[in-house]
Every structure is written in C-alpha cells, then in structure tokens.
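Presented below is the structure to which this report refers.
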Amino acid sequence: MKQHKYTISSKEGLHARPAAQLSQLASQYKDRVDIIYENCQMTLKSIIGVMSLGIPEGASFYIEVEGHQEEEMMTKIEHLLREEGLIE
C-alpha cells in the first residue's frame, strides 16, 4: 500500500472537471485507490464520492493505493493533479 499527502493550491478547490478526470483514471485500474479527507475515505473511482468531500483550496488530503500497479497509479494521479493545477 502507498499513501501520499497533497495540498490543494487551486482557488476552486477540487472541482468537477479534475474530479471526473481522477475518477476516470482510477477506474482504469482494478487495484484499490482511495481519497481521504478529514477522516472520510472514499473510492477515487466514484466522482460523486470525490465531489462529496468538498475539498477546498489550502486543504490537505491523501491518496491511498493498494494493488499490483501502485507505483504507476500514484505517478499518474500525481501527474494529473499537477497538470490540472490542483497542486504545486
């Protein structure tokens, strides 16, 4: 299992478009991938779950992956977060 902490730098927080992209990316894998914010843990594969967390600018959250492709998943997720301007 791998877990990494991130902090949202976007003024919009974790909004709909990147949440959808993260969910689509996570859904490409059979492995477990979760997002954790303020003691709530949701699968990253559910856009509704991700959006329900309401992660604002300046908030920290964790991405946790477990499975055979942990390294690849974490790398792609972090790349997407950076590409979308959600983290620095």
Query raised in the report: Taking the range 38-56 as the region of interest, how many residues are more than 16 Å from I77 (Cα to Cα), in contact with a strand residue (DSSP E or B) (Cβ under 8 Å, 6 or more places away or on another chain) and crowded, with 16+ Cβ neighbours inside 10 Å?
Result: 3
Query raised in the report: Does the range 1-44 hold any residues that are touching a helix residue (DSSP H, G or I) at 6+ places or on another chain (Cβ under 8 Å) and aromatic (F, W, Y), and which are they?
Result: Y6, Y29
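Read-outs: derived from the displayed coordinates by stated rules, not from any lab. Note that the coordinates shown come from a computational prediction; the quantities given were computed from them, not determined experimentally. Reconstructed Cβ throughout: ideal geometry from the backbone, glycine too, with neighbour counts over all protein chains shown.
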